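> Please see the structure below; I have some questions.
Nothing in this text is a laboratory measurement; each read-out follows from the coordinates by a stated rule. Keep in mind it's a predicted model, so treat the numbers as computed, not measured. Cβ placement follows ideal geometry from the backbone for every residue including glycine, while neighbour counts extend to all protein chains displayed.
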Amino acid sequence: SASVLRAYRASILHFTANPAQQGDDAQYYEYFGDGLLVIKSGHIRDCGDAKELLASYQAAGLSLDVTDYSGKLIMPGFIDTHTHYPQTDVIGSYGTQLLDWLNTYTFPMEARFADLDLANDVANFFCDELLRNGTTTAMVFATVHENSIDAIFNAANSRDMRLIAGKVMMDRNAPENLCDTAQISYQQSRDLIQKWHGKDRLSYAITPRFAPTSTEKQLELAGQLFAEFDDVYLQSHVAENTDEVAWVKELFPWSRSYLDVYDHYGLLGKRAMYAHCIYLDEQDRQRMADTQTAMAFCPTSNLFLGSGLFDMNTAQVMGIPVGMATDVGGGTSFSMLQTLNEAYKVLQMNEQSLSPFQAFYQATLGSAQSLQLEHKIGNFEVGKEADFIVLDLTATPLMERRMAHTHNLKEQLFALMILGSDRNIQATYTMGESRYQKHAA
Ligand code: GUN
Ligand code: ZN
């Protein structure tokens, strides 16, 4: 046959199940020391041992165009389940906790996104920065402005990234130039769903910012919209900071808890993603488990804003879906490796642990599952979308020395997640096409 398929040769690692839900010696990952990933029309055609696959393709008379990344590690692209593209330029702003940080830094910056040129510029930078960090899918807050959604979806689509985003709904307790109304936010969100949801790799998320910046009417309409469409997403924040939790109690005196406000308006369920989830009680967690509502674990943000420590073990035991998230710009890094590093430390402070296998599962297949996308992305099962990254584990002088003293894959992965950053991302592919190369050819 004259048809040429593209293939990539390197060590390959991907996950097939949640390590936390497996027995001690169960196989929840596949690793090929000398592996080959074969792509056809932007999808995975094969993943396995290089020598075996090369021989079988040759026997079948199929030629392969092989890119040799020997010595590097191929993994599925990282999935960031909660981040804010309009906060790119306020990342690393000094001195405050959540509510002051929003008023001092975040709201003034978001107000500037009324300007479509600015929104386009930041959206393009943001998508490039995700790719530079090996992130190929993200769930993203825009701003209150309709334009801000067009900017991020156009930027993601031109790079063939899988991206979920929504216009912020916010009609009180924020500057006037950042407020919509309940009715306008409903109508604009509805129009944006019809314009963007399901176009190529894009999905829409209904996005009430958090309970304090929405009237009851706005939350009610958000719930109505969530019920109207079978497969749209919903994203918000919950129980991040103790002052925020107390404020919600004042604003919604009838509520049993912060989560109960969202529950009351029908805002829980599959495809609903809540960032932070720190100050929840047993009943809240049970509701999330029963409704399969997902938590986004945002460790760099939770430490930077002094918010608190996420409880991963309870979520795992109760079967609540957990995604990994950067929460830029409350979070301090676009890097999922840095995010795993800080996740490990948060859990250490909480007398819990995060094994390297669990960590890389969470950043790939686990996050895909939390977004109900595991049939499309998250590992190298045949037929899935070919989003993958090439990692250089020895990208810095220190990491080269450290890796020389590792004895197995587990030790290598742990050193990678603790010491790693954008410098370890050698290349990023979406739908089988190169979107970033650290060393330009
Ligand atoms: N709660 C409401 N809005 C935000 C935000 O932009 N960032 C974070 N970290 N928490 C929020
Ligand atoms: Zn956030």
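> State, to one decimal in nm, how far the label point of Gln224 lies from the label point of Glu351, with both points 7 Å from Cα in the Cβ direction.
4.8 nm
> If R0 is 30 Å, what FRET efficiency do you get for Ser41 and Gln194 from their C-beta distance, rounded to 0.05?
Details: r = 28 Å, r/R0 = 0.94.
Efficiency at R0 = 30 Å is approximately 0.60.
> Another question, then. How far is it, in nm, from the label point at Thr396 to the one at Asp49 when both lie 7 Å from their Cα along the line to the Cβ?
Going from the Thr396 label point to the Asp49 one covers 3.6 nm.
> Determine the gain in length on full extension of the stretch Thr242-Arg256; use 0.36 nm per residue of separation and subtract their C-alpha separation, reporting nm with one decimal.
Fully extending the segment from Thr242 to Arg256 adds 3.5 nm.
> Still on this structure: Which number comes out as Rg/Rh for the stretch 83-219 once both Rg and the Kirkwood Rh are worked out on C-alpha atoms?
Details: Rg = 14.4 Å, Rh = 15.1 Å.
In the stretch 83-219, Rg relative to Rh is 0.95.
> OK, next. Order by neighbour count: Met318, Met403, Met417, fewest other Cβ atoms within 10 Å first, most last.
Going from sparsest to densest Cβ surroundings: Met318, Met403, Met417.
> Please state the charge dipole magnitude for the stretch 78-354, taken about the Cα centre, from unit charges on C-beta atoms (+1 on K and R, -1 on D and E), reported in debye and rounded to the nearest 20.
That gives the stretch 78-354 a dipole magnitude of about 460 debye.
> What ranking, highest mean first, results for peptides 122-132, 374-384 when packing means the other Cβ atoms within 10 Å averaged over each residue? Display every interim value, and only then the final one.
Numbers: 122-132: 21.2, 374-384: 18.5.
Highest-to-lowest ranking by the protection proxy: 122-132, 374-384.
> Report, largest value first, the span of the C-alpha coordinates of the stretch 227-322 along each principal axis, in whole Å.
37, 31, 22
> Another question about this same structure. Using Cα positions and a limit of under 19 Å, work out the lysines in reach of Lys410, with same-chain residues fewer than 8 apart set aside.
Those lysines meeting the cut-off are Lys72, Lys345.
> Can you give me the Rg/Rh ratio for the stretch 265-365, using Cα atoms for both radii and the Kirkwood formula for Rh?
My calculation of the ratio gives 0.94.
> I'd like the orientation of helix 216-228 relative to the chain: the angle between its Cα long axis and the longest Cα principal axis, in ° from 0 to 90, rounded to 10.
Around 40 degrees separate the two axes.
> Turning to a different aspect of this structure: Just from its helices, what would the mean residue ellipticity at 222 nm be for the chain, if runs of 4 or more DSSP H residues each count -39500 (n - 2.57) and the sum is divided by every residue, rounded to the nearest 500 deg cm²/dmol?
Calculated at 222 nm, the ellipticity per residue is -10500 deg cm²/dmol.
> Further, regarding this structure: Multiply the residue separation of Lys217 and Ala404 by 0.36 nm, subtract the distance between their alpha-carbon atoms, and state the gained length in nm to one decimal. Please report the intermediate quantities before stating the final value.
Details: separation 187, 0.36 × 187 = 67.32 nm, distance 5.95 nm.
Contour length minus the Cα-Cα distance gives 61.4 nm.
> Moving to a separate point now. Using square roots of five times the C-alpha gyration tensor eigenvalues, list the equivalent-ellipsoid semi-axes of the stretch 385-438 in whole Å, biggest first. Working shown, then result.
Working: eigenvalues 113, 30, 11 Å².
Each semi-axis is √(5λ); the values are 24, 12, 7 Å.
> Compute the acute angle (0 to 90°) between the alpha-carbon long axis of helix 182-196 and the principal axis of greatest extent of the alpha-carbon atoms of the chain; round to the nearest 10°.
So the inclination is approximately 20 degrees.
> What FRET efficiency comes out for the pair Leu99/Thr16, r = Cβ-Cβ distance, R0 = 45 Å, nearest 0.05?
Working: r = 42 Å, r/R0 = 0.94.
Once rounded, the FRET efficiency stands at 0.60.
> Determine one quarter of the surface area of the Cα convex hull of the chain, which equals its mean projected area, and express it in nm² to one decimal.
21.2 nm²
> Right, here's the next one. Label point 7 Å out from Gln292 along Cα-to-Cβ: which residues of the stretch 313-355 have amide N under 11 Å?
321
> Here's something else I'd like to know. Please determine, in degrees from 0 to 90 and to the nearest 10, the orientation of helix 116-132 with respect to the longest principal axis defined by the Cα atoms of the chain, where the helix direction is its Cα long axis.
40 degrees
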